[in-house]
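No value in this document is a laboratory result; all are computed from the given coordinates. Since the structure is predicted, the reported quantities are computational estimates derived from the model, not experimental observations. Counting neighbours? That spans all protein chains shown, and the Cβs are built from the backbone with ideal geometry, glycine included.
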Amino acid sequence: MRKHVRLSGRVVCLFFTLSVISASAAQAQQGQAEKEQPTSNIPTLEETKAPDPGGPAAPVDPGSYVIGAEDQLSVSVWKEPEVSRQVIVRPDGKITMPLIGEVQASGKTPVALAQQITEKLGEFINRPEVLVEVRGVRSKKYYITGQVNRTGAFSLTVPTTVLEALSGTGGFQQWAKKKKIIIIRGDKRFRFNYNDVIEGKNMQQNIYLENGDLIVVP
């Protein structure tokens, strides 16, 4: 009788031990699954990463944008890949193309330049179709300095007002004097009161920027 009781106790103990081991294994598997499964409410690195302030420039209007030195152009000739080129406008304002040599690019719109290249290529290619695109604006810039979060040179790809330019700086620093902003254009000075403009007052001071303008935020 004692032997039977002792054996039953061993069976119960063994059963209890196996139960503990199984529970521990299940908890371990659940913990591993939770680690491997992405959590939907935790943003990924891509979601939390701030936008690159030096991202691609805004597309230019091929009918109104005036090409300048150092601009990066794409000249595509339909069905003529050996003639198509990625070029940078030289300081003298010219580019070099196969078959036709040097072409004046600076001072022309992309549409006008494409027409000129089309006429010159017509001497070598039957009815060429040319497309000129501005891939990088480097000839026209405005500058911002002072008490803003992002200073430096900015591409002037589209008509841009002072307010629009300031909105791309990431905000003002703590001690910025927003009522005393100055735009320097050669020997001219223009005053800009940010507080007035955002309230819709004195909107005439929200001028369009020109190439080389410097915005100073004291």
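Considering only segment 136-163, how many residues are under 18 Å from the mean Cα position of the chain (by Cα) and β-branched (Val, Ile, Thr)?
Looking only at that region, the number is 6.
Across segment 136-175, which residue is nearest to residue 61 (Cα to Cα) among those that are part of a loop (DSSP other than H, G, I, E, B) and of a type in the set (Ser, Thr, Tyr)? Steps first, answer last, please.
Initially, segment 136-175 is screened for residues part of a loop (DSSP other than H, G, I, E, B), giving 137-140, 147, 149-151, 156-160, 168-171, 173-175.
In the following step, the residues that additionally are of a type in the set (Ser, Thr, Tyr) were identified as 139, 151, 157, 160, 169.
Details: 139: 15, 151: 26, 157: 9, 160: 14, 169: 24 Å.
Here the residue is 157.
When the residues of segment 104-135 are filtered to those that are part of a strand (DSSP E or B) and surrounded by fewer than 17 Cβ atoms within 10 Å (Cβ to Cβ), which remaining residue is farthest from the chain's Cα centre (by Cα)?
In this case the residue turns out to be 104.
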